[in-house]
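Undergrad: Below: one structure in structure tokens.
The values are calculated or read from the model by the stated rules, or taken from the named source; none is laboratory data. What you see is a predicted model; the values in this text were computed from it and never measured. Cβ sites come from the backbone with ideal geometry, for glycine too, and all protein chains shown count toward neighbours. Surface accessibility is based on the protein's heavy atoms, side chains included, excluding ligands, DNA and RNA. Shrake-Rupley method; radii C 1.70, N 1.55, O 1.52, S 1.80 Å.
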Amino acid sequence: MAIIYTYPISPPVGTDLLVGTRSGVPRNPTRNFSVDQLAVYIIDNLNGTNLTVPIFFDTVNPTTGLVETTLVDSILTQNANPGGTTLTIAGNLYVTGALRDSNNNPGALGEVLKSTVTGTEWGLVSGSTEVIPFNNVTTITATHTGALGTFPSITVVNNNNIVIYGEIAYISTTQLTVTFASAQTGNLYLN
């Protein structure tokens, strides 16, 4: 049998086999397992309050010239594993594609991402007017900031720039609904 250090060093692949010893059982049997199985075990069995999402980078080993994948410190953490609901980024976030709201909407030029209490939505906010877009609905449930008071005045303008009317109900100090006889598309203007 060759001495371990005489084998060439190369990056592992998922089907590579590792040899280990099962401890804590009678006779401590030797067993083998693949790199893929080890990765699944590590991901599936890291229970606890926090999970650091690993980040890997490919680097060139200066001695061998081979490309190796290296685990680096992560700036991403998940609040629980399994079943986490919050991803925390400890640093800057750079987005190259669309940043989408809870309805998978990428927003439009000049809109800001706003909280709906249960999610997010894109909308316009300018001065003392809040603009809330809606698309092909008969009832709009809108959450506003409350900065305009408990009962802000509402103007509804459809996508043809025509003022339309619906039944308005003030649900809470920051939430209201507008109901139409048929599906409409446009914007709510609150002031």
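Undergrad: For TYR5 and TYR94, FRET efficiency with R0 = 41 Å and r from the beta-carbon atoms, rounded to 0.05?
TA: Values: r = 42 Å, r/R0 = 1.03.
With R0 = 41 Å, the Cβ-Cβ based efficiency is 0.45.
Undergrad: Still on this model: Per DSSP H run of n ≥ 4, the term is -39500 (n - 2.57); total these for the chain, divide by its residue number, and report the mean residue ellipticity at 222 nm rounded to 500 deg cm²/dmol. Mind showing how you got there, number by number?
TA: Details: 1 runs with 10 residues, N = 191.
The helix-only estimate for the chain comes to -1500 deg cm²/dmol at 222 nm.
Undergrad: Right, another one. Between LEU66 and THR139, what is the label-point separation in nm under the 7 Å Cα-to-beta-carbon projection?
TA: So the two model labels end up 6.3 nm from each other.
Undergrad: Whole-Hz ³J(HN,Hα) for each residue in the stretch 89-100, computed from phi via Karplus 6.51 cos²θ - 1.76 cosθ + 1.60 with θ = phi - 60°, x for glycine and proline: what do you get?
TA: So the Karplus estimates, Gly and Pro as x, are 10, 9, x, 8, 10, 10, 10, 9, x, 6, 9, 9 Hz.
Undergrad: Now, a different point. Could you grab the relative contact order for the chain? Cα pairs under 8 Å, six or more apart, rounded to a whole percent.
TA: Working: 305 pairs, mean separation 23.8, N = 191.
Relative contact order here is 12 percent.
Undergrad: Once the piece of chain linking THR15 and LEU38 is laid out straight, how much longer is it, given 0.36 nm per residue of separation minus the C-alpha distance between them? Don't jump to the answer; show the numbers that get you there.
TA: Values: separation 23, 0.36 × 23 = 8.28 nm, distance 1.06 nm.
Length difference between fully extended and current span is 7.2 nm.
Undergrad: Given a 1.4 angstrom probe, what's the average accessible area per residue across the chain, in square angstrom?
TA: 72
Undergrad: To continue, here is another question. Students often check this: by mean Cβ neighbours within 10 Å, which of 169-180, 109-120 ranks highest, and how do the rest follow?
TA: Details: 169-180: 14.7, 109-120: 12.4.
Descending mean neighbour count gives 169-180, 109-120.
Undergrad: Now for a different question. If you work out Cα Rg over 2.2 N^0.38 Å from the coordinates, which of [x] 1.06; [y] 2.03; [z] 1.72 do you get?
TA: The calculated read-out lines up with [z].
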